[in-house]
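Participant: First the structure, which I've put down as structure tokens, then a few questions once you've had a look.
The values are calculated or read from the model by the stated rules, or taken from the named source; none is laboratory data. Computed from a predicted model, the values in this text were never measured in an experiment. Here the Cβ positions follow ideal geometry from the backbone for every residue, glycine too, while neighbour counts run over all protein chains shown.
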Amino acid sequence: MKLSELFLPILKDIPSDAKIKSHQMMLRSGMVRQSAAGIYSWLPLGFKVLKKIELIVREEQDRAGAQEMLMPTIQSADLWKESGRYDGYGLEMLRIKDRQDRELLYGPTNEELITQIFRDNVKSYKSLPLILYHIQWKFRDEIRPRFGVMRGREFLMKDSYSFDETKEGAILSYNKMFYAYLKTFERLGLKAIPLVADTGPIGGDLSHEFVVLAETGESQIYTSKKILDLKIENFDNSEQSLNKMVKAYTETYSATDEKFDQKEFDDLVKKDDQLITRGIEVGHIFYFGDKYSKPMKAVVNSSLGKNITVEMGSYGIGVSRLVGAIIEVNYNNNIMKWPKTVTPFHVAIINLGKKNDETCKNKAQKIYELLKNNSFDVLLDDTEESPASKFKNFDLIGIPYQIIIGSKQEIEQYEFKEVGCEKEILSAQEILKKLKIIYFN
Ligand code: 5CA
């Protein structure tokens, strides 16, 4: 892609209503534009990142054995009356009436709808265990939408739902998701800490929030520094390893402020190890047994020949919020560096040659073609802006690798640079080889 053709409305100034750096950066770099409070349009640059995050989330769900489907954004109020949540959900739910005066709502989550699909179609334990998920827009009429995509009213969520015959089975599904979450966040370049959390309107008695450490996060967290040393690579998804993994991550005291208990914290975590900080909740998992299956009569024939109510859990990831969380962690001193797994482009080519410098132009075009033909997504700056303003733009766009072309260079040599590291002088073939190792290994 050539920068002159990319729809990238960069703002020179920091928008005054944007209070945290991810919100500022997303507006300035032309990733999103607000259409109403807490509701955003995703412009090409932002949408590319969102899609890449979604892909990683999807791959890890599929790897855990979950099956993707798609439920609608609009749901019938009747289902929510069946579960008993319709009135309780309060003002956060956007309630709509159609022309026949039927009550509908814009889904804030999907426990009811998935339970209906399950009960109408699954009759036997032989179809269990089952984990279904979708990645769909949700609407919650948040009282204070803020921080851009971090707390939106419309936001993209991955939500999975597990169905099991027994409580033990349901806990295994829970543990599989626990593992998939840690893998997902790691691939996104984030260190996410699981914490015991309040179950809120979803309900149930077992739940963990996954929180990325960041000063601007809305959640206050209490944990032990020791949890930062745990590595998900040391576990796999066999049942035995899953149990060990959950034990390792949950035996250290970690809680959000709603669940915090000072005495317990002091008893369990030595003063020197205590970590009290803030973070961004990027995921939340719940085990709630028969909270929905009982009132909604999701019953199957068990392996013992009896009718039993299915055991359920639900598992959410804030896909659009993750864009903000990744920026909070990787945007420092006005310079963004996307993790290579989600960067909107693999590499930037910045041509600093003067307007009529055909040598520089040809050189840029040559390496641009070479990289494109080798499946790289390349952004070539072919604009006529000053070098200073080009670099400023790329500080915002955040592509982690740059190829810089200037008139003083040898014809076959290019300046190659990883953002924040020393530059190297390399040939086109050497750059190609390097990028293949970085991205496709
Ligand atoms: N049904 C359950 C799990 S599928 C559920 O809805 N859980 S939740 O309420 O915790 O939401 C899941 C994730 O969505 C949260 O961890 C958070 O990352 C994200 N999320 C929730 N509210 C918002 C919001 N207003 N803006 C952006 N992301 C949000």
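Participant: Go through Tyr414, Tyr368, Tyr401 for me and flag whichever is closer than 24 Å to Asn334 by Cβ, modelled with pLDDT of 95 or more, hydroxyl-bearing (Ser, Thr, Tyr) and in contact with a strand residue (DSSP E or B) (Cβ under 6 Å, 6 or more places away or on another chain).
Facilitator: After applying the criteria, what remains is Tyr401.
Participant: Shifting gears a bit: Could you grab the pairs with beta carbons closer than 9 Å, sequence gap of 6+ or different chains, first residue in region 395-421 and over 21 Å from Asp377 (Cα atoms), second one in a loop (DSSP other than H, G, I, E, B) and among the acidic types (Asp, Glu)?
Facilitator: Ser407/Asp357
Participant: Of the residues in region 291-323, how many are basic (Lys, Arg) and over 29 Å from the mean Cα position of the chain (by Cα)?
Facilitator: 3
Participant: Scan region 179-223 residue by residue and report those that are touching a Ser or Thr at 6+ places or on another chain (Cβ under 9 Å), assigned to a helix (DSSP H, G or I) and either basic (Lys, Arg) or closer than 15 Å to Val246 by Cβ (or both).
Facilitator: Tyr179, Ala180, Arg187
Participant: Step by step: first the residues of region 36-57, then only those that are surrounded by fewer than 19 Cβ atoms within 10 Å (Cβ to Cβ) and within 15 Å of the ligand (Cβ to nearest atom), then the one that is nearest to Met157 (Cα to Cα). Which residue is that?
Facilitator: Of everything passing the filter in region 36-57, Glu54 is nearest to Met157 (Cα to Cα).
Participant: Only one of (1) of a type outside the set (D, E, K, R); (2) surrounded by 13 or more Cβ atoms within 10 Å (Cβ to Cβ); (3) over 12 Å from Tyr179 (Cβ atoms) is not met by Tyr249, so which one is it?
Facilitator: (3)
Participant: Could you tell me whether any residue of region 327-337 is away from the ligand (no atom under 16 Å from the Cβ), within 30 Å of Ser407 (Cα to Cα), touching a residue at least 24 places away in the same chain (Cβ under 8 Å) and not in a loop (DSSP other than H, G, I, E, B)?
Facilitator: Yes: region 327-337 contains one or more residues that are away from the ligand (no atom under 16 Å from the Cβ), within 30 Å of Ser407 (Cα to Cα), touching a residue at least 24 places away in the same chain (Cβ under 8 Å) and not in a loop (DSSP other than H, G, I, E, B).
Participant: Just to check your reading of the model, which residue among Ser320, Ser303, Ser314, Ser293 is more than 10 Å from the ligand (Cβ to nearest atom), surrounded by 19 or more Cβ atoms within 10 Å (Cβ to Cβ), at negative phi and of a type in the set (S, T, N, Q)?
Facilitator: Ser293
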